[in-house]
Amino acid sequence: MLAFSLIANSVRLGLPGARMISRLVIVFLCLLPVASTLAAQESRPAPEAASGTTEKSLVIAQRQMIVAAEPLAAEAGREILRQGGSAADAAIATELVLGLVEPQSSGLGGGAFLVYWDAQSRSLSTFDGRETAPAAAKPDRFMRDGKPMAFETAVRSGLSVGVPGLMRTLEAVHKRFGKLPWAALFAPAIKLAEEGFPVSPRLAALLDATKAENFSAGARARFFDENDRPRATGEILTNSAYAETLKAIAEKGADAFYSGPIADAIVKAVRGASSIPGDMTAADLSGYVAKERDPVCVDYRARKVCGMGPPSSGEISVGTVLKLIEPFPEVKGSAALMTAPALHIIAEAEKLAFADRNRYIADPDQISIPSGLMDDVYLAERRKLIDPQKAMNKAEPGLPPGLAKKTFGKDFTNEVPGTTQISIVDAEGNALSMTATIESAFGSHLWAAGFLLNNELTDFSFIPVDEKGATVANAVAGGKRPRSSMAPTIVLDSQGTPEIVTGSPGGSQIILYVVKAVVGMLDWGLDARQAAALPNFGSQGGPFIIEYSPYYVWPAFELTSYGHAIANATMTSGIHSIVRKDGHLEGGADPRREGVALGD
């Protein structure tokens, strides 16, 4: 009976090939003991928790569109577009509101990666707003008595906080691509902060899942009442401190954030952390620089899939997977939708991509990254490791062209899912994809000047040297940017014009989510909504992870016949996509979060 109920629900979702999926029946409960064991072996920290799903509709617009993670934020961005603002302007207004109404995921205390298509020059630009380690940081930052400290202990400490990069990045993008006055973009968030906004169901659920004592005093007072009861859905919250911070930045620019009272508040919060104090200084903040870097692009299905390069591993990994799977007929066409052969090929390619990612990708300003990770000849050799009939036992990193004589050691990074995604196309055809974050849900739980501070430095490898004495590429160092998996993506069509704008939150699983979305739209013929709603899956080098859901039936028996170990997981993606099709725009928001697509 369970199996037949699951089939009915999968057909209800309206996915092409739902009848095909329904034929691949398993009784999901049979997998649970195996899944639990394998998930424990993975030892991954809990993701930003799920808070239910809400079925979303495909949204169609003629001129402009925004997809963002919370309705009030999306509305702020759409209003800026209606005022004649650019995609850059709308993104700034949207993110400032998200920092208020979705504080668990991003905000002024964190960072971002941003990909921008300028319609006038027909060119892509990418901006690196990743947080940096304080100058005093050493490789053994998270080691105690020769062992890595507990992950949650590190998260909720001053040691985890990197120098925030968001405001410098937004300012840099506005100077290049903004149309409206800088101060005007702050008005929606200031108004909401002063007048109040209703706590969303997701924010309430995540607060209910944590403890008041995990937060520093300022955050605790904001998110819990005097009896430590978490703020409930619909309760009106104001944030006067956040409003004052925004007013200062609106008037004086990002300098007001990186020096003066706001910077002093950040340093005080970090160095005064009650668990383990940090070592950030005023000089660390004043010296922060957002960097414009070259985009990473790969050819796929007569298109170019483009995004952010290192220190993000996102687009290199996504691009590697796409290039590896492109020749395999098992993946192509709508008939391949969610079939075991297609899922197997994709997972095997992901294993190879993660093996290279983990070994070689880190901050390019401090680490020599091999130049040939996406070289066609190299990937052709790596592709030979994919057996269409059998899962590989373990994917080892390759020896790509441009590899320095001194290679790096085995990686020990533990990256937590969190983050937010904004996708925008404006009336002039400019396009923006931005993934912003404070890392874990509620970041470090430390509070300064009306906002939460990130725990981004836990994206470094806690263990700096492997058992063979080789230095880990993603080890901690002063001024270094931790490796990320954020993959804001713009797909250019055969004419070189944006066809898809997409991205997702989700820690290292972002790579799996973006691969799924791109393959879903380009290979399996799904629209933006269907691709976001499609069940999540993939491999990060270990078992084949499948999204636990009452709505999907997985071809698990077939997958195990390839030799895959299966693990179910709560894969809380937040895919937000815009697709240009037949002269109009189609937008889809992920049903797993509160995002919406709005357009005109």
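The values are calculated or read from the model by the stated rules, or taken from the named source; none is laboratory data. What you see is a predicted model, and the numbers here were worked out from it, not measured in a lab. Note that each Cβ is placed from the backbone with ideal geometry, even for glycine, and that neighbours are counted across all protein chains shown.
Brief remarks on what is shown
- Thr281 being polar (S, T, N, Q), closer than 26 Å to Met167 by Cβ and surrounded by 15 or more Cβ atoms within 10 Å (Cβ to Cβ): yes
- Matching residues, segment 562-580, being modelled with pLDDT under 95, surrounded by fewer than 21 Cβ atoms within 10 Å (Cβ to Cβ) and not in a loop (DSSP other than H, G, I, E, B): Ile566, Ala569
- Some residue of segment 161-176 being surrounded by 24 or more Cβ atoms within 10 Å (Cβ to Cβ), more than 25 Å from Leu98 (Cβ to Cβ), modelled with pLDDT of 95 or more and not aromatic (Phe, Trp, Tyr): no
- Breaking point among (1) buried (at least 24 other Cβ atoms within 10 Å of the Cβ); (2) under 18 Å from Asp590 (Cα atoms); (3) at pLDDT 95 or above, for Leu58: (1)
- Scope segment 370-407; condition modelled with pLDDT of 95 or more, over 30 Å from Thr132 (Cα atoms) and either in contact with a Gly (Cβ under 8 Å, 6 or more places away or on another chain) or assigned to a loop (DSSP other than H, G, I, E, B) (or both); matching residues: Tyr378, Glu381, Arg382, Lys384, Leu385, Ile386, Pro388, Gln389, Lys390, Ala391, Met392, Ala395
- In segment 423-457, the residue that is farthest from Ala517 (Cα to Cα) out of those that are hydroxyl-bearing (Ser, Thr, Tyr), at pLDDT 95 or above and within 16 Å of the chain's Cα centre (by Cα) is Thr437.
- Scan segment 521-567 for residues that are within 19 Å of Asn393 (Cβ to Cβ) and among the basic types (Lys, Arg) and the total you get is 0.
- Output for segment 535-563, where each listed residue is of a type in the set (A, V, I, L, M, F, W, C) and under 17 Å from Pro341 (Cβ atoms): Phe537, Phe544, Ile546, Val553, Trp554, Ala556, Phe557, Leu559
Rundown of residues vs (1) in contact (Cβ under 8 Å) with a residue 12 or more places away in the chain; (2) within 24 Å of the chain's Cα centre (by Cα); (3) closer than 17 Å to Tyr562 by Cα, yes/no style:
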site: Ile345; (1), (2), (3): yes, yes, yes
site: Ala362; (1), (2), (3): yes, yes, no
site: Ile369; (1), (2), (3): yes, yes, no
site: Leu373; (1), (2), (3): yes, yes, no
site: Tyr378; (1), (2), (3): yes, no, no
site: Glu396; (1), (2), (3): yes, no, no
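- Looking only at residues of segment 384-394 that are surrounded by fewer than 12 Cβ atoms within 10 Å (Cβ to Cβ) and more than 15 Å from Leu324 (Cα to Cα), we find that the one that is farthest from the chain's Cα centre (by Cα) is Gln389.
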